[in-house]
Each structure stands twice: as structure tokens, then as C-alpha cells.
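Undergrad: Here it is, the structure, as C-alpha cells.
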Amino acid sequence: MIERWDCMVVVCIEPIEGLRVGSTYKVKGQGNLEYNAATEKKGWGLCLEDDWVGCFDENNNTIKDSWKIPYEERTRWVYMTLEELERHFITDEENYVIYQRNERLKSLGI
């Protein structure tokens, strides 16, 4: 099951910890979270880069000129356990398979 998460990008399919459904998040690292001082979570997991923090307000409206905010201020790192990943994310590869299926269905007029 861990091999599934050996990817560079994940796609959120259910909101968790402020992460948005349909958004992609870069994987910045993986391993045993018990030894990571940045989180209290235990077990194997991923570190995801959320670079949408400074782009949207609490009502999910785009913040004007958010692209001008420095990287350090508009980015946060979120740690997800294997259980959270299974429930809230799919891999970029799985997302591409879904896209291909949808395109085939469209071409068939379905």
C-alpha cells in the first residue's frame, strides 16, 4: 500500500485541514512521522506542500494580488498519515486515469 503513495503529486478528493477538493499538492517528503518534530502525528505519511494558503480568503474567494505574496508567507506544509491519505487523496496517476476515462466517454457521446 505504501508504494501507491510513492508519487510526486496527490489530488484532494475530500477536504481535510484546509486542503481544497480538486487541488493538487506536491509531495515534499515521506517517511515515519513519529520522528518529525513538525507534527504530533504517528506512523508513516507524507509531507504535502500547500501553496494555496495566501491565495484564497475564508470564503474561497481569490485574494487580489496574492501572487505578489512571498513564497514563505503563502506556503505551508501539511503532514498526512497513511490512513488520511487513503481517505482524502488519490495519486496524480489515478487522477490521470479518471481524466482519460472521462475523455473516452465524451468522445462516445456518453
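Undergrad: What are the residues in region 51-68 that are assigned to a loop (DSSP other than H, G, I, E, B), surrounded by fewer than 10 Cβ atoms within 10 Å (Cβ to Cβ) and either of a type outside the set (S, T, N, Q) or free of Cβ contacts under 8 Å to residues at least 40 places away in the same chain (or both), if any?
TA: Within region 51-68, 58, 59, 61, 64, 65 meet the criteria.
Undergrad: Restricting region 2-18 to residues that are modelled with pLDDT under 90 and either more than 22 Å from residue 94 (Cβ to Cβ) or of a type in the set (A, V, I, L, M) (or both), which is surrounded by the fewest Cβ atoms within 10 Å (Cβ to Cβ)?
TA: 2
Undergrad: Mind checking which residues of region 31-60 are of a type in the set (S, T, N, Q) and more than 17 Å from residue 16 (Cβ to Cβ)?
TA: Hits for region 31-60 are 32, 36, 59.
Undergrad: From 84, 93, 3, which residue is of a type in the set (D, E, K, R) and in contact with a Gly (Cβ under 8 Å, 6 or more places away or on another chain)?
TA: Being of a type in the set (D, E, K, R) and in contact with a Gly (Cβ under 8 Å, 6 or more places away or on another chain) holds for just one of 84, 93, 3, which is 84.
Undergrad: Do you know which of the residues in region 19-49 that are in contact with a strand residue (DSSP E or B) (Cβ under 9 Å, 6 or more places away or on another chain), under 20 Å from residue 72 (Cα atoms) and free of Cβ contacts under 8 Å to residues at least 40 places away in the same chain is surrounded by the most Cβ atoms within 10 Å (Cβ to Cβ)?
TA: Restricting to residues being in contact with a strand residue (DSSP E or B) (Cβ under 9 Å, 6 or more places away or on another chain), under 20 Å from residue 72 (Cα atoms) and free of Cβ contacts under 8 Å to residues at least 40 places away in the same chain, the top hit is 48.
Undergrad: What's the total number of residues in region 69-110 that are closer than 18 Å to residue 11 by Cα, assigned to a helix (DSSP H, G or I) and not aliphatic (A, V, I, L, M)?
TA: Qualifying residue count, region 69-110: 14.
The values are calculated or read from the model by the stated rules, or taken from the named source; none is laboratory data. Worth saying up front: this structure is predicted, and the values here are computed from it rather than measured. Here Cβ is always computed from backbone atoms with ideal geometry, including for glycine, and neighbour counts include all displayed protein chains.
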